Each structure stands twice: as structure tokens, then as C-alpha cells.
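The values are calculated or read from the model by the stated rules, or taken from the named source; none is laboratory data. Please read all numbers here as calculations on a predicted model, not as lab measurements. All Cβ positions, even for glycine, are placed from backbone atoms using ideal geometry, and neighbour counts span all protein chains on display.
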Amino acid sequence: MSSRITKAVIPVAGLGTRFLPATKAMPKEMLPVVDKPAIQYVVEEAVAAGLTDVLMITGRNKNALENHFDRVGELEATLERKGDTEKLEKVNYSTDLADVHYVRQGDPKGLGHAVLRAAMHVGREPFAVLLGDDIIDSRDVLLSRMIEVQGKKHASVIALLEVEPEAAQLYGIATVEATAEADVVRITGLVEKPAPGTQLSNFAIIGRYVLQPDVFDVLEKTEPGKGGEIQLTDALQVLASQNIAGGVYGVVFRGRRYDTGDRLDYLKAVVRLAADREDLGPPLLDWLREWLPTR
Ligand code: UTP
């Protein structure tokens, strides 16, 4: 794995309107998935891929996020007094996980706009972007493979998932050319959320990117696109079509991914991850087996 990339940017400034009212006063990235907020899975994934410098692009309601990755004196003291080292470890784990920095987005003008806010912190080096509401199962490899491909191609790399044609309108969609490696494709074009039936492929962009810093120069000039938002997909389309800084490659992911910003996917993530846990899985599955036939 290339060790050149050390910085992860995690945008968490979206309004999370699909999850209202839960997200009225709390970012969707703080919703618990079993017993950890979604954002902790994402930071753990970045750290596991060697990225220990984490920049979160925050918006309103950032306090809960900051507090989660900071010390909580009163809680720690209480657990210490009780001698509850197991819970104390859980509390301290997220504090010590990574070197977390924050920058505000101000107005949530889109994912591209959020990523551009990272320009100063990142400087002129390749960096990763992980969407804070997208969880990749820690048993499946994605980010470290993308970093490896970035190191070989000296290009930007996006993660792709093959989706059903009906779902294409929910994603950025990529047209691709095969390469010599089965899981790597070259991106020839990108369209954000194509109208139903107009998508040119089933390759959907999911929330992991390893980008050349040149994307910042393009984002500076990117006008609002779909939904009136400054779209990262539009900037990547410029990198791909003009072959800027090596163009864009895709790593095709065939593992488990959970979109916790979508209510149904969120529920599936909680059940699937809990079902796989040693402590919760057996009683949960027993109950589900009993309960499902009564539906
Ligand atoms: P989404 O489109 O899923 O987020 O953005 P959203 O706008 O919050 O969702 P809904 O549709 O209203 O429910 C993907 C990621 O980009 C971040 C979000 O926090 C999420 O992690 N984002 C989006 C920003 O940081 N800033 C933005 O302006 C938009």
C-alpha cells in the first residue's frame, strides 16, 4: 500500500433531510448504527487504511460530532470511580482514534463545495474523501485498494458499485473502459443522478474517493449543477474528460456497503451488523425467526 496519502476529508455538513426529524438537531452521521455513531465506523476505516489526519467538514449542529471525538471529563471520572474499565475503554477509544480537525462549510452548497473547504488543510497532495453517512463493512477491502491504485496510476480514483438500473437515478453514474486489472476501470464520463432510463451504465459512485489536489482548481470553477448544488461529480467529470492530473479511475467494489443516510438502508445496516455481532447476533436472530412468521 502506498504510504504517501495521510489525509482523510470527511464531509458531514449535509442537512440530512431524508432523516428528519431525527436530524433536526443532530447530524445524520451521529445516528447510532448498533452502538456506535455512523461517523465512528468511517473514521475507523480511514485509520485502518493508514489515514490518521482527519478533517471533518462540518455545518450546523457540529457540537455532537466534536464532542464524540473529544474527552468527556465527567463521564470518564464517573466510570473510573466505578472501576468500569470496559466502558471507559469504549469512551476513550474514539478520543484517541485519529488527529481530528474541523472546518465549517457555512452554507451547505453541495458536496463539491464541502470538499473545496479542505483545500487549505490538504495542500498539494493526494487525499481521500469518505462520506460520513456511507459505511463500508470493515471485513471488505476498499479504501486501501483505492490508495494502491492511486499510487500506481497517479490519478484520481473513485469507488464504484454496480446497481440495479432503477436505482441509477439516486447516484452519480460512470461510463467506463476496462483495464488490465479486473477490479479497476478507467472513467470516460460521469453524470450526477441521471434522469430515469437515461443512465449509460450501472456503475454508481459510492462515498469513497482518493483525489489528486488538482480537483480543488476545478472545483473553484465548478458552477452549481443538479439540485442547484456544487457537485463533486461535475468536477470529476472535468478531470476525466480532460485527462487532468492522470484522469480518473474506478475501483469496482463488490463488498458490503450501507448508506445510513437512507432510512431503509439504515435499518438494514443496523440489523445486518447486529446480526453479525457475537454479543447481539444470536439473541437478535432467535427473536427475528420467531417474530417474522407472525408478520
Ligand atoms: P447527501 O446528499 O447524502 O447529504 O450528501 P444530505 O444533503 O445531507 O442528504 P439529504 O438528501 O438531505 O438527506 C453526501 C455527503 O456529503 C455531505 C453530507 O453530510 C453527506 O455526508 N454534504 C452534502 C456536505 O458536507 N455538504 C453539502 O453541502 C452537502
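Every residue in the stretch 187-230 that is acidic (Asp, Glu) and outside any strand (DSSP E or B), please.
Going through the stretch 187-230, the residues acidic (Asp, Glu) turn out to be 192, 214, 217, 220, 223, 229.
Hits for the stretch 187-230 are 214, 217, 220, 223, 229.
Quick test for you: out of 149, 122, 141, pick the one residue that is more than 10 Å from the ligand (Cβ to nearest atom), under 12 Å from residue 49 (Cβ atoms) and not polar (S, T, N, Q). Can you show your working first?
Details: 149 fails: under 12 Å from residue 49 (Cβ atoms); 122 fails: under 12 Å from residue 49 (Cβ atoms).
It is 141.
Restricting the stretch 221-246 to residues that are over 21 Å from residue 169 (Cβ atoms) and within 16 Å of the ligand (Cβ to nearest atom), which is surrounded by the fewest Cβ atoms within 10 Å (Cβ to Cβ)? Reasoning before the result, please.
Taking the stretch 221-246 first, the residues over 21 Å from residue 169 (Cβ atoms) are 221-223, 238-239, 241-246.
Now narrow it down to the ones that are within 16 Å of the ligand (Cβ to nearest atom): 222-223.
Numbers: 222: 21, 223: 8.
Filtering first and then ranking leaves 223.
As an exercise: evaluate residue 68 against (1) out of contact with any helix residue (DSSP H, G or I) (no Cβ under 7 Å at 6 or more places or on another chain); (2) within 16 Å of the ligand (Cβ to nearest atom) and give the number of the one condition it does not meet.
(1)
For residues that are within 14 Å of the ligand (Cβ to nearest atom) and closer than 14 Å to residue 52 by Cβ, scanning just the stretch 4-23, find the one that is surrounded by the most Cβ atoms within 10 Å (Cβ to Cβ).
Filtering the stretch 4-23 for residues within 14 Å of the ligand (Cβ to nearest atom) gives 8-23.
Still in the running and closer than 14 Å to residue 52 by Cβ: 8-10.
Numbers: 8: 29, 9: 26, 10: 26.
Checked the stretch 4-23; the qualifying residue surrounded by the most Cβ atoms within 10 Å (Cβ to Cβ) is 8.
Being on the phi > 0 side of the Ramachandran plot, over 16 Å from the mean Cα position of the chain (by Cα) and surrounded by fewer than 15 Cβ atoms within 10 Å (Cβ to Cβ) narrows it down to one residue among 83, 73; which is it? Before the answer, list the steps.
Details: 73 fails: on the phi > 0 side of the Ramachandran plot.
Going through 83, 73 in turn, the sole match is 83.
Check 266, 249 and return the single one that is surrounded by 17 or more Cβ atoms within 10 Å (Cβ to Cβ) and either in a strand (DSSP E or B) or in contact with a Gly (Cβ under 6 Å, 6 or more places away or on another chain) (or both). Lay out the reasoning, then the answer.
Numbers: 266 fails: either in a strand (DSSP E or B) or in contact with a Gly (Cβ under 6 Å, 6 or more places away or on another chain) (or both).
None of the other options fit; the residue is 249.
I need a count of the residues in the stretch 269-286 that are part of a loop (DSSP other than H, G, I, E, B), in contact with a helix residue (DSSP H, G or I) (Cβ under 9 Å, 6 or more places away or on another chain) and not hydrophobic (A, V, I, L, M, F, W, C).
Of the stretch 269-286, the ones part of a loop (DSSP other than H, G, I, E, B) are 276-280.
Cutting the leftovers down to in contact with a helix residue (DSSP H, G or I) (Cβ under 9 Å, 6 or more places away or on another chain) gives us 277, 280.
Applying the additional criterion that residues be not hydrophobic (A, V, I, L, M, F, W, C) yields 277.
Going through the stretch 269-286 one residue at a time, the tally reaches 1.
Mind listing whichever residues of the stretch 264-293 are acidic (Asp, Glu) and farther than 30 Å from residue 183 by Cβ? Please lay out each step first, then the result.
The initial filter retains those residues of the stretch 264-293 that are acidic (Asp, Glu), namely 265, 276, 278-279, 286, 290.
Listed by number, the residues that qualify are 278, 279, 286, 290.
For the stretch 17-28, check the following and say yes or no: at least one residue is without any contact (Cβ under 8 Å) to a residue 60 or more places away in the chain, in contact with a Phe, Trp or Tyr (Cβ under 7 Å, 6 or more places away or on another chain) and within 24 Å of residue 107 (Cβ to Cβ).
Scanning the stretch 17-28 turns up no residue that is without any contact (Cβ under 8 Å) to a residue 60 or more places away in the chain, in contact with a Phe, Trp or Tyr (Cβ under 7 Å, 6 or more places away or on another chain) and within 24 Å of residue 107 (Cβ to Cβ).
From the list 203, 127, which one is in contact (Cβ under 8 Å) with a residue 60 or more places away in the chain, crowded, with 16+ Cβ neighbours inside 10 Å and among the aromatic types (Phe, Trp, Tyr)? Please lay out each step first, then the result.
Numbers: 203 fails: in contact (Cβ under 8 Å) with a residue 60 or more places away in the chain.
After ruling out the rest, the residue left standing is 127.
Test residue 62 against the stated conditions and say whether it is touching a strand residue (DSSP E or B) at 6+ places or on another chain (Cβ under 8 Å) and among the basic types (Lys, Arg). Spell out the reasoning first.
Working: touching a strand residue (DSSP E or B) at 6+ places or on another chain (Cβ under 8 Å): yes; among the basic types (Lys, Arg): yes.
So residue 62 passes the test.
Which members of the stretch 133-185 meet the condition of being assigned to a loop (DSSP other than H, G, I, E, B), under 20 Å from residue 256 (Cβ atoms) and polar (S, T, N, Q)?
Pass one, the stretch 133-185, residues assigned to a loop (DSSP other than H, G, I, E, B): 133, 137-142, 154-155, 163-164, 171, 179-183.
In the following step, the residues that additionally are under 20 Å from residue 256 (Cβ atoms) were identified as 133, 137-142, 163-164, 171, 182-183.
Listed by number, the list holds a single entry, 138.
With the requirement that a residue be under 29 Å from residue 181 (Cβ atoms) and surrounded by fewer than 17 Cβ atoms within 10 Å (Cβ to Cβ), what does the stretch 253-263 give you?
Filtering the stretch 253-263 down to residues under 29 Å from residue 181 (Cβ atoms) leaves 253-259.
Listed by number, the residues that qualify are 254, 255, 256.
Out of 26, 1, I need the residue that is more than 13 Å from the ligand (Cβ to nearest atom), at pLDDT below 95 and surrounded by fewer than 22 Cβ atoms within 10 Å (Cβ to Cβ). Which one?
Only one candidate qualifies: 1.
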